[in-house]
1. Select from the stretch 84-137 the residues that are more than 19 Å from the chain's Cα centre (by Cα), in a helix (DSSP H, G or I) and not hydrophobic (A, V, I, L, M, F, W, C) and list them in ascending order.
2. Of all residues in the stretch 304-323 being over 18 Å from the mean Cα position of the chain (by Cα) and modelled with pLDDT of 70 or more, which is nearest to Arg211 (Cα to Cα)?
3. Tally the residues that are exposed (fewer than 11 other Cβ atoms within 10 Å of the Cβ) and among the charged types (D, E, K, R), restricting the search to the stretch 212-242.
4. Does Thr275 fit the bill of being more than 22 Å from Ser342 (Cα to Cα), within 35 Å of the chain's Cα centre (by Cα) and free of Cβ contacts under 8 Å to residues at least 40 places away in the same chain?
5. Identify all residues within the stretch 258-298 that are farther than 21 Å from Lys232 by Cα, among the small types (Gly, Ala, Ser) and surrounded by 15 or more Cβ atoms within 10 Å (Cβ to Cβ); write none if there are none.
6. Name the pairs: first residue in the stretch 167-192 and farther than 14 Å from Leu149 by Cβ and among the β-branched types (Val, Ile, Thr), second residue surrounded by 11 or more Cβ atoms within 10 Å (Cβ to Cβ) and modelled with pLDDT of 80 or more, Cβ to Cβ under 8 Å, at least 6 apart or on different chains?
7. Considering only the stretch 265-296, how many residues are on the phi > 0 side of the Ramachandran plot and in contact with a strand residue (DSSP E or B) (Cβ under 8 Å, 6 or more places away or on another chain)?
8. Regarding the stretch 90-106, can at least one residue be identified that is assigned by TED's automatic domain parsing to the domain that holds Ile13 and under 30 Å from Ile17 (Cβ atoms)?
Amino acid sequence: MSFKIKLILSHIIVVLIVIVFSFIFSDIYVRQNFVRIIIGMGPNIEVMLTPQGIRFLETVRQTLLISGLISIGIGALLAFLLSSFALRPLKEMQKFVRKISKGEFEERVHIKSNDEIGELASSLNYMAARLTDIENMRKTLVQNVSHDLRTPVASIKGYMELIEDESFTKEEKERAIEVIKDEIERMERMLRDISKLSAIDSKNFTLHTDRIELNTLIKNSVDLLRMEAEKKGLQLKLELSQGNIFIEGDSKRITEVMGNLITNAIKFTDQGCITIKTLTAKSEAKIIVEDTGIGIDKKDLPHIFERFYKGDTSRSSDGTGIGLTIVKELIHAHKGTVEVESEKGRGSRFTITLPVVS
């Protein structure tokens with residue numbers, strides 16, 4: 001039985017109940033009060049009704065019955081019209097859901113109202129928008145991964161053929177082996193990033209939080225990457241705030257964030273220095289990673305934390321474009337924020353804000 005029929009039947013049942021109750025009540029009430037009202041005698045006195053009185057009572061019953069039948073007809077008609085009007089947006093939503101199930105994620109529900117139906121329509125549209133984003137990210141992931149894997153695989157294949165060719169010297173073959181190792185490490189980094197993002201997105205992702213002294217953690221993170229910076233002739237500067245800064249967080253994840261930001265700064269800085277600062281303001285701690293590198297184009301800044309986004313080719317020749325996404329997701333998991341300021345050719349400045357604990 002459809003909801004529409006149930007709605008119509010519910011109206012009819014309500015009318016029937018009213019009619020039956022009215023019929024029984026009027027029969028008892030009119031009979032008891034007829035004598036007092038018409039003849040003027042007490043209500044508890046039993047008298048034989050005249051034929052005129054009996055006809056009057058029968059007329060009352062017939063009137064109730066006829067009005068009841070008319071009410072049922074009107075009620076059924078109104079129930080049909082109201083149910084058709086009420087179910088129209090639900091039918092539209094039903095068609096919408098069927099289209100979504102077929103992968104038509106661009107579809108939207110065009111219902112504007114301030115009631116529960118309007119709220120449901122807004123929720124469905126939000127769901128469709130999120131599914132559109134997920135589908136776009138899925139397509140982008142497939143495209144990026146296939147592209148980023150194709151290049152190293154082709155390189156490895158070419159150098160493997162070189163190794164098998166006896167006309168090449170030993171030194172050339174050793175160089176080929178080094179290149180193959182580099183390409184394999186590149187693929188491993190890409191797969192690790194994808195695996196990390198997948199873990200963050202999963203419902204089972206949890207932070208193993210503890211009370212962390214932020215300056216010590218930052219210093220240790222910088223020490224791990226100091227040699228890598230020195231290989232490029234870059235200087236890593238530390239400007240830590242006076243005193244201890246304590247936060248509630250996962251030390252492994254914060255170290256991962258710092259490693260990602262500092263590694264990016266080293267990668268995109270050819271000369272100058274990279275400065276890492278910490279400072280406190282009210283109940284917040286700020287971590288600043290600033291470099292003198294190539295910077296980020298203005299048009300790319302709003303998208304820099306988006307998944308798989310690759311804007312400027314000078315910054316996207318390596319990796320999948322999810323490193324900064326991982327940074328953002330991990331910082332948000334710590335109830336913090338991350339912002340970026342940059343100018344093309346004049347470096348970048350990443351600012352992380354985290355809540356401090358006493």
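1. The answer is Ser84, Arg88, Pro89, Lys91, Glu92, Gln94, Lys95, Arg98, Lys99, Glu116, Gly118.
2. Going through the qualifying residues, I end up with Gly323.
3. Of the residues in that region, 1 qualify.
4. The answer is no for Thr275.
5. Ala285
6. Ile177/Tyr159; Ile177/Ile163; Val179/Ser155; Val179/Tyr159; Ile180/Ser155; Ile180/Ile156; Ile180/Tyr159; Ile180/Met160
7. Residues that pass the stated criteria total 2.
8. yes
The values are calculated or read from the model by the stated rules, or taken from the named source; none is laboratory data. Predicted, not measured: the structure shown is a model, and the values here were computed from it. Methodologically, a virtual Cβ is constructed for each residue, glycine included, from the backbone with ideal geometry; neighbour enumeration extends over all protein chains shown.
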